[in-house]
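Have a look at the structure below before the remarks.
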């Protein structure tokens, strides 16, 4: 059985995978997670890429009303996979894998105060856009011409 800190780390990993699918973070996280699971074995890494792609496809195909349930199921599935891998390693390997996973998750996490991007949108007429965390925007529109 894993220590509580490792179980929490596995849960964070499962959450990261399920939440990143279909976002701009997905490609990088997908590749890093597969490499982490592969542990230097190219065939295992490829199998993990396929599993990750199936998870992403399942999330993308989920109806809006079912998305949270599907995401929760994916979080648990990936947490379990991470826990299983960690349990199979000896103490030294487990510590190394945990450190690698922590670094991977820190790198993949959205950075507070980071650059926010708004792209691919078309606005017609008066438009107000606010991007950021805990900021304030006062919007006043005058009469339309």
From the options 142, 113, residue that is modelled with pLDDT under 95, over 16 Å from residue 14 (Cα atoms), within 21 Å of the chain's Cα centre (by Cα) and surrounded by fewer than 10 Cβ atoms within 10 Å (Cβ to Cβ): 113
So residue 4, is it within 24 Å of residue 102 (Cβ to Cβ), out of contact with any helix residue (DSSP H, G or I) (no Cβ under 8 Å at 6 or more places or on another chain), surrounded by fewer than 19 Cβ atoms within 10 Å (Cβ to Cβ) and modelled with pLDDT under 95: yes
Scan of the stretch 73-96 for residues that are out of contact with any helix residue (DSSP H, G or I) (no Cβ under 6 Å at 6 or more places or on another chain) and touching a residue at least 24 places away in the same chain (Cβ under 8 Å), ordered by number: 76, 77, 80, 81, 85, 87
Positions within the stretch 25-36 being surrounded by 17 or more Cβ atoms within 10 Å (Cβ to Cβ) and touching a residue at least 60 places away in the same chain (Cβ under 8 Å), in sequence order: 29, 32, 33, 36
From 22, 120, residue being modelled with pLDDT under 95, in contact with a helix residue (DSSP H, G or I) (Cβ under 7 Å, 6 or more places away or on another chain) and surrounded by fewer than 16 Cβ atoms within 10 Å (Cβ to Cβ): 22
Lone unmet requirement of (1) under 30 Å from residue 7 (Cβ atoms); (2) modelled with pLDDT under 95 for residue 76: (2)
Residue under evaluation residue 39, criteria (1) on the phi < 0 side of the Ramachandran plot; (2) in contact (Cβ under 8 Å) with a residue 12 or more places away in the chain, criterion not met: (1)
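The values are calculated or read from the model by the stated rules, or taken from the named source; none is laboratory data. Computed from a predicted structure; not experimentally measured. Glycine gets a Cβ as well: all are built from the backbone with ideal geometry, and neighbour counts include every protein chain shown.
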